[in-house]
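Shown next, in structure tokens, is the structure this report addresses.
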Amino acid sequence: MIIAVDGPTASGKGTVARNLAEHYGLKRLDTGSLYRAVGLAVLDAGGDPADVRAAVAAAEALDLDAIDENRIRSSAAGLAASKVAVIPEVREVLRRAQKAFAADPRGAVLDGRDIGTVICPDADVKLFVTASLEERTRRRLAELRARGEQISFEELQAQIAERDERDMTRKDSPLYQAADAHLLDTTVLSIEAAAAAAYAIVDRVMAARS
Ligand code: DC
């Protein structure tokens, strides 16, 4: 079973994907972490994430097993990620890694922006997870504050809106809800309620197919 989970940043898609993977015994790939790792590698090398050459070189050198899960969660890495993600050559390199992951016959959960539309258009179940901009800003603010990052609500909300805009309007693989994706709005849902809603969608889709 392949489950595709797409949605904007801080929508809860990562948490939903993690719970789905655990619930159904599937492995999971957080595809945003690949773009974050590439963006961070460019920043670490003192480069500009919008520089095609630097970003492609970082994507080609990426080692999935060596990603620093803590450092890629910074707001700087997130912003750099959304910049390298507009570069088609970077997407091409990362697309190969994602498709290889999804080709595992044991199945998988992948979450990102273009999983149901580009990476796994034939996924068994597609979810589009969203939440209001305000709620997403609140969640990300709590995450960043827990990391010790100081940023105001207004500044972060503007950053998230900027990233949404870049993710939705880029030419290559923009973020949008696939026609056959099921919408899950987590704005007023707890983590447990969002997970339960996701399981209900998956169970319903799989029952209808059998
Ligand atoms: O989900 P996230 O915040 O970790 O994603 C970071 C950036 O990576 C996001 O701004 C866009 C990019 N991304 C993408 O373009 N395609 C994906 N499948 C996943 C993430």
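The values are calculated or read from the model by the stated rules, or taken from the named source; none is laboratory data. Since the structure is predicted, the reported quantities are computational estimates derived from the model, not experimental observations. Note: ideal-geometry Cβ built from the backbone for every residue, glycine included; neighbour counts use all protein chains shown. Areas reflect the complete protein model, heavy atoms only, side chains present, ligands, DNA and RNA absent. Shrake-Rupley method; radii C 1.70, N 1.55, O 1.52, S 1.80 Å.
Observations on the structure shown:
- Rounded if a/c under 1.5, otherwise prolate or oblate - region 86-210, Cα gyration tensor axes: oblate
- For the chain, the per residue solvent-accessible surface stands at 47 Å², with DNA, RNA and ligands left out and a 1.4 Å probe.
- Mean-square fluctuations from a GNM of the chain, with a 10 angstrom spring cutoff on Cα atoms, peak among Y176, Y35, Y24 at Y24.
- Were the residues from K27 through L64 laid out at 0.36 nm apart, the gain over their Cα-Cα distance would be 11.9 nm.
- For the chain, modelled as a GNM whose springs connect Cα atoms under 10 angstrom apart, the maximal fluctuation among V129, V38, V93 occurs at V93.
- 21 Å Cα-Cα reach of K126 towards lysines, excluding residues that sit fewer than 8 places from it in its own chain: K13, K27, K99
- Of G32, P121, G46, farthest towards positive along the dipole that unit charges on Lys, Arg, Asp, Glu beta carbons give the chain: P121
- Dividing the Cα radius of gyration of the chain by its Kirkwood radius returns 0.95 for Rg/Rh.
- Each Lys and Arg contributes +1 and each Asp and Glu -1, all at the Cβ; summed about the Cα centre of region 101-210, the dipole is approximately 120 debye.
- Computed over the chain, relative contact order equals 33 percent, with contacts defined as Cα pairs under 8 Å that lie 6+ residues apart.
- Each other residue within a Cβ distance under 11 Å of I87 adds +1 if Lys or Arg and -1 if Asp or Glu, for a net charge of +1.
- Taking the 1.4 Å solvent-accessible surface of region 1-81 as the whole, the part contributed by carbon and sulfur is 48%.
- Three-way shape label, region 30-129, alpha-carbon gyration tensor, a/c 1.5: prolate
- FRET efficiency, A100 to Y176 (Cβ-Cβ, R0 22 Å, nearest 0.05): 0.35
- Within the chain: Cβ-based charge dipole about Cα centre, in debye rounded to nearest 20 (Lys, Arg +1; Asp, Glu -1): 240 debye
- Accessible surface ranking that places the most exposed of T117, T9 first, with a 1.4 angstrom probe: T117, T9
- When Rg and the Kirkwood Rh are both derived from Cα coordinates, the Rg/Rh ratio for region 108-162 amounts to 1.12.
- Paramagnetic reach from R147 in region 39-76 [backbone N under 17 Å; point 7 Å along Cα→Cβ]: 39-45, 49, 67-76
- Largest mean-square fluctuation among R147, R136, R18, in a Gaussian network model of the chain whose springs join Cα atoms under 10 Å apart, belongs to R147.
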